[in-house]
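Working notes for the structure below.
All of the numbers you see were taken from the coordinates with simple rules; none came from a lab. Since the model is a prediction, treat every value here as computed from it, not as a measurement. Neighbour counts run over all protein chains shown; Cβ positions are idealised from the backbone, glycine included.
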Amino acid sequence: MSSSVLITGANRGIGQALARHYRDAGWRVIGVCREASPELAEVAERVIEGIDVTRPEDIARLVAQLEGQRLDLLINNAGLLRDESLGSLDFDSIREQMEINAYGPLRVTEALLDNLGAGSKVANVTSRMGSIADNDSGGRYGYRASKAALNAFGRSLAMDLKPKGVAVAQLHPGYVQTRMVNFGGLIPPEEAAAGIAARIAALTLENSGGFWHSNGEPLPW
């Protein structure tokens, strides 16, 4: 039986590229999103739409639809990037990014614990902007804080899930040409997806909890 992967935010951008990558590699792809796209329907074996990772009732519906389904890989990819400037901070924007980028992956992972077993992996698509050591330009308060929180959550998940045989990674995709950055990135989504998949393939219980660039470079916390 082929391996199964669940990807949140799978309807476009990096999520869609990951769905295509794993489909082409022979995996059974479950695409989760708020609103499905024709491109996702083309590559996913199953699409579960109408799922907002910040809403407990949506997560409960996701859990119900996945009852008894083993997940070999969970990729928490859904995310939001907004900008804030000191002196005119929008705390609602900061709060929304925390809900989607940090609490969302934690909520999804906890909810799907029964679907993860020995040998399963969890990949959190984070950002080097969540690195405190690497912050030499300031700004992006909500995005930086939410990704730093995701990194902390992911590290704790790695420790707590290790006895269950589940490995966890925090993965920075690179500066990717997606709608999130008005397509101004340096690499296409397909290249980012291939790099993320390579890091996931190299993930083990021994290196679980790490924070890497998709090109393999370890990133500072």
Connecting C-alpha atoms closer than 10 Å in a GNM of the chain, tell me which of Ala17, Ala158, Ala202 has the biggest fluctuation. Ala202
Options (1) 115; (2) 140; (3) 130 - which one matches volume of the Cα convex hull per residue in Å³ as calculated here: (1)
To the nearest Å, what is the center-to-center distance of segment 65-111 and segment 1-41, using C-alpha atoms only? 18
Summing Lys, Arg as +1 and Asp, Glu as -1, what charge do residues with Cβ under 12 Å from the Cβ of Leu219 carry, Leu219 excluded? +1
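In debye to the nearest 20, how big a dipole does segment 4-213 give about its Cα centre with +1 on each Lys and Arg Cβ and -1 on each Asp and Glu Cβ?
380
Under the 0.36 nm per residue contour assumption, what length would be gained going from the current alpha-carbon distance of Phe91 and Glu190 to full extension? Spell out each step's value before the answer.
Values: separation 99, 0.36 × 99 = 35.64 nm, distance 3.37 nm.
So the extension gain works out to 32.3 nm.
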Measuring from label point to label point, each 7 Å out along Cα→Cβ, what is the Tyr103 to Arg46 span in nm? 2.8
Which FRET efficiency value, to the nearest 0.05, is calculated for Trp221 and Glu35 with the Förster distance at 41 angstrom and r the Cβ-Cβ distance? 0.75
If you keep only loop residues by DSSP, which GluC sites (Glu not before Pro) in segment 47-144 have at most 16 other Cβ atoms within 10 Å of their Cβ? Glu49, Glu67
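May I ask you to derive the FRET efficiency for Met1 and Ala64 from their Cβ-Cβ distance with R0 = 25 Å, giving the value to the nearest 0.05? List each step's numbers first, then the result.
Numbers: r = 22 Å, r/R0 = 0.90.
For R0 = 25 Å, the calculated efficiency reads 0.65.
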In the chain, if the dipole is taken from +1 on Lys/Arg beta carbons and -1 on Asp/Glu beta carbons about the Cα centre, which of Gly139, Ser88, Ala60 is farthest to the positive end? Ala60
